[in-house]
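Read-outs: derived from the displayed coordinates by stated rules, not from any lab. Please read these numbers as outputs of a predicted model, since none were measured by experiment. Neighbour counts are summed over all protein chains in view; Cβ atoms, including those assigned to glycine, are modelled from backbone coordinates with ideal geometry.
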Amino acid sequence: MRAQLKINRKMIIAFLMIGVLGSFVAPTLALSSNQPLKTLRAREKEEKQLDQEAGFTGNVCGTNISTRIDWDSAQDWPESASITKVCDGALSALEAICRGDQSRGKKITSFVCAGDGAGPNLSGSTLRYGGVPGGNGFDDTKDYLEGKL
């Protein structure tokens, strides 16, 4: 019984030390991206919003759509403009196509939202939309996908 208590004490001490170290290392890793905390939080919010929008689109299309925001292409994106709102027009265009023929939309399994103004592009099963602040990619994306899917 006494040996078991020593092992349990050692294990507890080890867990406590891991927890203490983790509390110092995790914030350091988060801050090592050289982005202000305000920017990191805003990006996280945009990414969650995009996931929600793609989840709805995926339900309409009968598939799962993974998402990503290409932050490198959006470095000059104004803080007051939502990149997700601009890219939502492209997702809405995909939804419109799925409502007409769900099997066409199932071909898209990932979506990249970019801020470079390049418009829609389909590569394999990935739809990429490069928007501009204040833009809406519905018409361009719908026309583009009509010819690609």
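Over every Cα atom in region 37-148, the radius of gyration and the widest Cα-Cα span, Dmax, amount to 13.1, 43 Å. Phi-derived couplings, Karplus 6.51 cos²θ - 1.76 cosθ + 1.60 at θ = phi - 60°, listed residue by residue for region 34-47: 6, 9, x, 4, 4, 5, 4, 5, 5, 5, 4, 5, 4, 5 Hz, with x used for Gly and Pro.
Can you sort Leu127, Leu145 so the residue with the fewest Cβ neighbours within 10 Å comes first?
Working: Leu127 30, Leu145 21.
Neighbour counts put them in this order, fewest first: Leu145, Leu127.
Farthest towards the positive end of the charge dipole of region 37-148, among the residues Gly117, Leu94, Tyr144, is the Cα of Leu94, using unit charges on the Cβ of Lys, Arg, Asp and Glu.
May I ask you to compute the full-extension gain from Lys45 to Asp70, defined as 0.36 nm times their residue separation minus their alpha-carbon distance, rounded to one decimal in nm? Please list the in-between numbers first.
Values: separation 25, 0.36 × 25 = 9.00 nm, distance 1.44 nm.
Contour length minus Cα-Cα distance gives 7.6 nm.
The 3J(HN,Hα) values that the Karplus relation (6.51, -1.76, 1.60; θ = phi - 60°) gives for region 116-129 are, in residue order, 10, x, 6, x, x, 8, 10, 10, x, 9, 10, 9, 10, 10 Hz. Gly and Pro appear as x. Between Lys38 and Ser123, full extension at 0.36 nm per residue minus the direct alpha carbon distance yields a gain of 27.3 nm.
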